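Worksheet: the structure to be examined is printed underneath.
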Amino acid sequence: TFRNDPAGFSECRTRIHELFLRTRADRLQQLVGLLREALPEAEVAVVVPGESDSSVVLASVWGGDLPRLTRRVLNELATPGRYAVLNVGGAAVAVLPIIDPQGSLAAIVMARPVGALGDEGIALIFEAARLLGLNWQEVEREDTTFTSWELEARHRLDALLPGSSSAMQVLRSGLVAAAHGNEPVLICGAEGTGRTE
């Protein structure tokens, strides 16, 4: 008896594997895009846990605030094969670890709503997280998100411009993109809006 992949994720799995076969400067963005394509009703974010309960967003398709992860949750996620489902504001969020080859928690993939993911969707995201973990050093070295100053800049921007709404993510990404270029930048805004920062 021949049967099709019940969730229809075989093409997405193939494209995710191909993403790791060649060097790409935008691998994290591409991966989030592929997951969103396969799970159109879901929101997905790849984050690096920061100091206290804050996280730095590396790539996302997410609206609203990201859940804050306590140190206890992060410690639990470091256990191989474990993921969390957190109830945040009445909505369930799946939190899947990205474990590097040394066995350390390198980053996290978050996805919501859990109901739209189903078991097959969570398995697909877990597979993507495992591939990221196995290739984490290569991803850090080659993805433009990890240029020497950029991760520090993202941490500072998250502190100076708090919030994880789509507008704030676009603003922070625009600031990082402007910093990459050599063009002049005009910053406008009313007094007290943080132009100096």
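The values are calculated or read from the model by the stated rules, or taken from the named source; none is laboratory data. Note that this is a predicted model, so its numbers are computed, not measured. Note that we place each Cβ from the backbone using ideal geometry, even for glycine, and neighbour counts take in every protein chain shown. These accessible areas exclude ligands, DNA and RNA; they are computed on the full protein's heavy atoms, side chains included. Shrake-Rupley method; radii C 1.70, N 1.55, O 1.52, S 1.80 Å.
Taking region 56-65, which residues are touching a strand residue (DSSP E or B) at 6+ places or on another chain (Cβ under 8 Å) and open to solvent by 30 Å² or more (accessible area, probe 1.4 Å)?
Within region 56-65, Val61 is the sole residue that qualifies.
Looking only at region 1-25, how many residues end up being modelled with pLDDT of 85 or more, open to solvent by 50 Å² or more (accessible area, probe 1.4 Å) and not charged (D, E, K, R)?
Of the residues in region 1-25, 4 are modelled with pLDDT of 85 or more, open to solvent by 50 Å² or more (accessible area, probe 1.4 Å) and not charged (D, E, K, R).
Take Arg130 and decide whether it is open to solvent by 30 Å² or more (accessible area, probe 1.4 Å) and within 17 Å of Leu34 (Cα to Cα).
Spelling it out, Arg130 is indeed open to solvent by 30 Å² or more (accessible area, probe 1.4 Å) and within 17 Å of Leu34 (Cα to Cα).
Restricting to region 26-46, give me the number of residues that are over 11 Å from the mean Cα position of the chain (by Cα), touching a residue at least 12 places away in the same chain (Cβ under 8 Å) and open to solvent by 50 Å² or more (accessible area, probe 1.4 Å).
4
Any chance you could count how many residues in region 66-75 are buried (at least 16 other Cβ atoms within 10 Å of the Cβ) and not hydrophobic (A, V, I, L, M, F, W, C)?
Result for region 66-75: 1.
For region 69-126, give me each residue that is small (Gly, Ala, Ser) and within 20 Å of Glu41 (Cα to Cα).
Ala84, Gly89, Gly90, Ala91, Ala92, Ala94, Ala111, Gly115, Ala116, Gly118, Gly121, Ala123
Check whether at least one residue in region 80-103 is open to solvent by 60 Å² or more (accessible area, probe 1.4 Å) and among the aromatic types (Phe, Trp, Tyr), and report yes or no.
So far as region 80-103 goes, yes, one or more of its residues are open to solvent by 60 Å² or more (accessible area, probe 1.4 Å) and among the aromatic types (Phe, Trp, Tyr).
On the basis of being open to solvent by less than 80 Å² (accessible area, probe 1.4 Å) and either modelled with pLDDT under 75 or of a type in the set (Ser, Thr, Tyr) (or both), does Gly181 make the cut?
Answer is yes for this residue.
On the basis of being hydrophobic (A, V, I, L, M, F, W, C) and at pLDDT below 90, does Leu39 make the cut?
Judged against the criteria, Leu39 is not a match.
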